[in-house]
Each structure stands twice: as structure tokens, then as C-alpha cells.
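Here the structure is laid out as C-alpha cells; the discussion comes afterwards.
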């Protein structure tokens, strides 16, 4: 049996990748913004940082490199605004994921939508200068966003250079999780996503995802063809996901690529972290189907809430904040996950879990720290 290796995980939230790394027989070291209780449990060591900027992560990475001689790093979400940090990591570690050039190119909205146009892949109309107000409506989206944060309805308000406009298209939000080796793509699964309906100011914030999607086989094959075209253009490697919308009349429109492991990774029972590493090295393995469905959801605070000491987190909760931490209104409290053989029963299972969680937290009646 091989001796487990240290691996450095850096992300906005590192719990998912730390858990996957531990399951894959690595020893995870984590740098993230939250240092959640379960992240601390999975990690051999951790450092909490305020941002993923080079200035904030450099000292922590140097500490781990010196103390543990760690040489490999996997990055997760949160680097959309910090490409210089990916450059720093590439200079000091073996990065298991997309290269800096691939990450930046796929995140550059001008380049991405130009590639879609060249490949004749449909996408909602986009503008990089303020469009006229029209009845159909437009969305304002950040050029370097994640999880739907900052997406709002366009109302002719003042704007800055950090956003673009996209025509609003009604439909069901989906994603496809896939592996890539720089040349070829291999689909892991199709998913359906939904947003947080309790947030009035940020109405497109990611809330949950299930590994089930009502898509025609012909549409699944079409998306596979799109991926096969996009992977070599952006030289994508490892785990990635593609977000798209299906309209009521079953038209498909591509929204964006997430060039790193996404939240939907945890919906699948395969050893996806090892497959992520293998595909970064050029090897695409077989993906086995699973007999059950899994759904993951973020629970947001409807009001300011302080986590009470010794709170007993219900089964299925993860990304657990430390006791005494105040979750502000609209911020995540934690995540919940559920499994079932019938997909249509999963949403109800999540609602029950969320209800029991909030009921338990509210029973303490502890005021938030101001």
C-alpha cells in the first residue's frame, strides 16, 4: 500500500475538496476563507485567510511547503478575481487542474462568447456596452463572478467596467459535469440547478443542484458535441462544468464554463478527485453510473444568526461554521445533502432537513453579535 501524500487544497471553501482528497488517500492541507468545522476535521492542517489574493495566501503556502514539503495543489472556486494567485501557485507547486492560460481564456467573456459564436453554439445575446432598455429585459452580470453573486436585472442604473449584459432567457438552469484531458471530454453527469428564492436583492444566487435533468437524449448528445469542440479550444483539463439553460420549448443556451471542480462533484460516488488528477495527466477513465440520486443545497440565513455553542448539527449538514460565528442575512449558514432512489422526492427531503436545521437553531433564541 502506498504512503499517502500531502496535497494542498486552496478554495473559497475547501471542505468538498478536502473530503474528496481524504477519500482518495491523500493528506489534505487546506487554505480557505472559512475554516469550517468539518474542513478542520478532514484536513491535517489548515489556514483561514480573508481573501485568495497572493498577499493573503503566500505566507500560508510557504508555511505548508516548509513544514510538510507539499508539492501538489488543487484549486477550487474563488479564483475568478485572482488569476495572479494561480500564477503564483504555478510558480511554486505542481497545479492539478487547468493552467493559468486555460483558466483565464475560459473566464474571459469576450473570448468565451466569441468561441461560442465561431462554433455555432447558441448562447443568450450579450453586450459589453450598455444596451437600451427593452421589454424582453437584460441581466447585469459580473465579468469575474461565481455562484450567481452580483447578477441582477438591468434597470439602466449606473454601471462600471467590471460587468457585462446578457439577454434574460426564461428556462430551467442546468449544468454538465465533465472530465477533460486537453483534447477530449468525458461527461460525468447532467444536473439541474436552482437559485435562492429568499434573497430579494440577489435573485440569481446559486442554492442547490441535483444529479438529474429532464433532457432529451438528442440534447445530451448535442451538449457532448459542444464539449468536444470547446475542450481543445481552451485546453481544458480535469473536472469542469458547463452551465446552460433549457427553455420551455426545449431550446438550449450556453451560459459559462466553470474551469475547476464544481459543487456538483459531490453528487457522484465515483472517485472523481483521482479522476481529476488522472485526466490532468492525460488519462480519461470510465465513469460508472449510480443507482441513486443526490441533491445538495446551501441554506441561507433569513436574518442575522449566531451559531450557538454546542449546537448539534443534524445529519446531512456540512460546511459547518464555528460556534459563535454570526451568519449575516443572506449569507450561507451551511449546506445540506440528501440521497434517494427517486429524484422527485429529493427536494422534499431537502426541505425537511432545512426546516429541522432552522428550527433547531431558532430554538436557542440567541441574538446575533452586532
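Restricting the range 141-155 to residues that are more than 20 Å from the chain's Cα centre (by Cα) and surrounded by fewer than 19 Cβ atoms within 10 Å (Cβ to Cβ), the residue that is modelled with the highest pLDDT is 155.
Among the numbered conditions (1) at pLDDT below 95; (2) within 20 Å of the chain's Cα centre (by Cα); (3) not in a strand (DSSP E or B), the only one that residue 248 does not meet is (2).
Each residue in the range 20-50 was checked for being farther than 15 Å from residue 64 by Cα, under 18 Å from the mean Cα position of the chain (by Cα) and free of Cβ contacts under 8 Å to residues at least 24 places away in the same chain, and 0 pass.
Annotation: of all residues in the range 258-283 being surrounded by fewer than 21 Cβ atoms within 10 Å (Cβ to Cβ), touching a strand residue (DSSP E or B) at 6+ places or on another chain (Cβ under 9 Å) and outside any helix (DSSP H, G or I), the one that is modelled with the lowest pLDDT is 270. Looking only at residues of the range 218-240 that are in contact with a helix residue (DSSP H, G or I) (Cβ under 6 Å, 6 or more places away or on another chain) and part of a strand (DSSP E or B), we find that the one that is nearest to residue 118 (Cα to Cα) is 237.
The residues of the range 284-300 that are touching a strand residue (DSSP E or B) at 6+ places or on another chain (Cβ under 6 Å) and at pLDDT below 90, listed by number, are 287, 292. Taking residue 322, is it touching a helix residue (DSSP H, G or I) at 6+ places or on another chain (Cβ under 7 Å) and over 20 Å from residue 194 (Cα atoms)? When the stated conditions are applied, residue 322 passes them.
Which of the strands (runs of 3 or more DSSP E) contained wholly in the range 1-91 include at least 1 residues that are over 25 Å from residue 325 (Cβ atoms)?
5-10, 26-32, 72-75
The values are calculated or read from the model by the stated rules, or taken from the named source; none is laboratory data. Predicted model, so just to flag it, every value in this text is computed and none were measured. We place every Cβ from the backbone using ideal geometry, glycine too, and count neighbours over all the protein chains shown.
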